[in-house]
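These notes concern the structure reproduced below.
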Amino acid sequence: MNILIVEDEIPTRRLLSDMIKKMRPEWKLTGATGSLEETIDFFRSHPQPDLIFMDIQLSDGSSFELFEQVDIKSPVIFTTAYDEYAIQAFKVNSIDYLLKPINEKKLEEAINKYERFFSMQQQAPPPLTDYQSVAEMVASGSKNYRTRLLVNLPDGFQKLDIEKVAWFVSSNKITTAFTFDGHHHIIDFTLDKLDKELDPIKFFRVNRQYIMNIETIHKVENWFNGKLIVKTRPKNKERIVVSREKAKSFKEWINQ
């Protein structure tokens with residue numbers, strides 16, 4: 001059994017790999033990719049795996065775009081952050097989907113489903129779903145926004161609840177989460193990625209470096225050329241500037 005994991009979130013990829021290895025130690029991970037480009041290169045240089053675990057939203061686009069460029073014959077178990085009702089089409093012809101954050105029980109059920117339908121006798125999979133139609137359904141569906149992160153530690157991982165993060169800051173291509181209790185954690189996410197997965201009612205991308213939690217904003221001061229200065233609790237030592245272009249939407253966000 002050769003499997004491929006297509007997942008751009010490094011902690012999730014590691015966690016999923018470890019969970020699969022624990023449940024099916026005889027299975028072999030032949031590849032782990034994090035983007036459309038990497039996955040396309042994988043299929044150009046490797047045989048089709050027996051099973052693919054595939055995230056829907058990758059760092060450089062939707063995984064549905066893969067099916068337009070690569071003739072994927074392998075069965076797929078999708079992973080997604082979207083609500084169940086918006087993805088019912090997967091129930092018809094795909095193997096299964098896992099709603100993030102992935103838990104062992106749901107993963108075991110998905111694997112059992114695969115093993116029931118695709119035994120080692122190499123039975124042919126059913127016709128593939130119309131992925132373009134499903135992609136449109138997903139885009140119009142309600143999203144489950146991220147509620148926690150896995151933080152790397154020297155000896156493992158630590159769970160970090162999103163509600164405890166006052167702001168995220170990016171510097172020198174490193175993203176750090178600062179919590180309300182004064183701690184900070186380096187995380188494996190870009191601000192662009194977080195901006196898509198955080199609840200926009202609670203978090204706002206004030207500039208290229210910062211994403212702010214509404215609860216950390218103490219005061220907003222006018223600055224020159226229509227810009228704004230954000231004062232926070234806990235206090236941030238740096239000056240956080242909202243550009244003139246974002247000032248209006250920032251004030252509307254606070255006032256909603």
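Out of the residues in region 177-189 that are assigned to a strand (DSSP E or B) and modelled with pLDDT of 95 or more, which is nearest to Pro11 (Cα to Cα)?
Among residues in region 177-189 that are assigned to a strand (DSSP E or B) and modelled with pLDDT of 95 or more, the one nearest to Pro11 (Cα to Cα) is Ala177.
Looking at region 67-114, which of its residues are at pLDDT 80 or above, in a helix (DSSP H, G or I) and farther than 19 Å from Thr147 by Cα?
The answer is Phe67, Glu68, Gln69, Lys105, Leu107, Glu108, Glu109, Ala110, Ile111, Asn112, Lys113, Tyr114.
What are the residue pairs meeting all of these: first residue in region 51-72, first residue over 12 Å from Gly34 (Cα atoms) and in the same structural domain as Gly31 (by TED's automatic domain parsing), second residue among the hydrophobic types (A, V, I, L, M, F, W, C) and modelled with pLDDT under 80, Cβ atoms under 9 Å, and 6 or more apart or on different chains?
Filtered contacts from region 51-72: Leu51/Ile95; Leu51/Phe118; Phe64/Val134; Phe64/Ala135; Phe64/Val138; Glu65/Ala135; Phe67/Leu128; Ile72/Leu128.
Mind checking whether some residue in region 239-252 is small (Gly, Ala, Ser), assigned by TED's automatic domain parsing to the domain that holds Gly156, surrounded by fewer than 15 Cβ atoms within 10 Å (Cβ to Cβ) and within 28 Å of Asn152 (Cα to Cα)?
no
So which residues in region 5-48 are in contact with a Gly (Cβ under 7 Å, 6 or more places away or on another chain) and either assigned to a loop (DSSP other than H, G, I, E, B) or assigned by TED's automatic domain parsing to the domain that holds Ile187 (or both)?
Glu7, Asp8, His46
Which numbered condition in (1) in contact with a Phe, Trp or Tyr (Cβ under 8 Å, 6 or more places away or on another chain); (2) of a type in the set (A, V, I, L, M, F, W, C); (3) modelled with pLDDT of 70 or more is the only one that Phe117 fails?
(1)
The values are calculated or read from the model by the stated rules, or taken from the named source; none is laboratory data. Because the structure is predicted, anything quoted here is derived from the model rather than measured. Because the Cβ atoms are built from the backbone with ideal geometry, glycine has one as well, and the counts that use them run over all protein chains shown.
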